[in-house]
Amino acid sequence: MRTPAAMIVGLVLCPCGLLLTLTGTLAPTWRQVSRMADQPADLVLEQGIWEACSERQSSHARRCGQADELGYFEQAPVRAARGLMPAALALAALGLAAAALGVRCWRREPRHPLAGAAGLALLLSGLLSLAPVSWYTHALWALPAPAGGTLAAGYGLVLSYLGSCLEILGGLALALSFHRCLQERRDRKPPASPAPAVGSRAAAAAAGAYRNPADVLQDERDWRSALPCDSDL
């Protein structure tokens, strides 16, 4: 049996989304701060959810582990991203493992309930990662930054956003397996037997519907009473 197209789409999008989300989570560039006051013109400060780095664009000299003097890492969007992004990655890994067991292209029939449950887990993973990414994007210009700096979104934020969307789409594609499972159950359900038509007792006797010997005797009496008697002749 061929693997359904929805499962193939889910197995393609979800690993790509997981890889992008993992890269964005570990990247130290969720926000870039440039043109800071009292700093060299080519100095760029890169801020992520785990660490902050500074780089000189002229010499490409890079230093990480910058001290957080402004309380950037204490802000609610950053702390929420630190908690939700690893949880989303762990849930996505479990969902992909379940999806691989549910689809199993080498089997004759996929396990539709398991594939659908994996799709729901991947959908939830995408929502978990999308929530802190959206919150951080909304608060991008409100988070503490050096005076006079120009703020811009970093590639880590963009990759996390794209990865979350791919996981959501892939999870929805795998969740369509529940529809196939319900359809198979309806096909396996035996058709309902038609209701017996209302007829005479003779028709019921021909169909074998007698359950009481008294019914047979009663039919015999009715049949004999229907015959012509001597008095009628």
- Translational D in µm²/s for region 1-159 (Stokes-Einstein at 37 °C, 0.692 mPa s, Kirkwood Rh from C-alpha pairs): 188
- Task: Starting from the amide H of residue 52, placed 1.01 Å from N in the peptide plane, find each other amide H under 5 Å away whose residue is 5 or more places distant or on another chain.
- Result: 65, 66
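For 18, 127, give me the order by solvent-accessible area with a 1.4 Å probe, most accessible first, ignoring ligands, DNA and RNA. Don't skip to the answer; put the middle values down first.
Numbers: 18 35, 127 90 Å².
Reading off the accessible areas and sorting them downward yields 127, 18.
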- Query: Which distance in nm do the two modelled labels at residue 135 and residue 151 give, with both placed 7 Å along the Cα-to-Cβ direction?
  - Reply: 1.6
- Roughly how many nanometres apart are two label points built 7 Å out from the Cα toward the Cβ at residue 162 and residue 58? 3.2
- Collect residues whose amide H, placed 1.01 Å from N in the peptide plane, falls under 5 Å from the amide H of residue 149; neighbours closer than 5 in sequence don't count. 37
- Query: In terms of solvent-accessible area of protein heavy atoms at a 1.4 angstrom probe, what is the ranking of 155, 136, highest value first?
  - Reply: 155, 136
- Query: Spin-label point model (7 Å from Cα, Cβ direction): what's the residue 82 to residue 97 distance in nm?
  - Reply: 2.7
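Can you put 138, 112 in order of accessible area, largest first, using a 1.4 Å probe? Don't jump to the answer; show the numbers that get you there.
Working: 138 155, 112 5 Å².
Sorted descending by solvent-accessible area, the residues read 138, 112.
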- Message: Can you give the FRET efficiency to the nearest 0.05 for residue 108 and residue 12, using r as the Cβ-Cβ distance and R₀ = 22 Å?
- Response: 0.50
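The values are calculated or read from the model by the stated rules, or taken from the named source; none is laboratory data. Predicted, not measured: the structure shown is a model, and the values here were computed from it. Don't worry about glycine lacking a Cβ; one is built from the backbone with ideal geometry, like all the others, and counts go over all protein chains shown. With ligands, DNA and RNA removed, areas are computed over all heavy atoms of the protein, side chains included. Shrake-Rupley method; radii C 1.70, N 1.55, O 1.52, S 1.80 Å.
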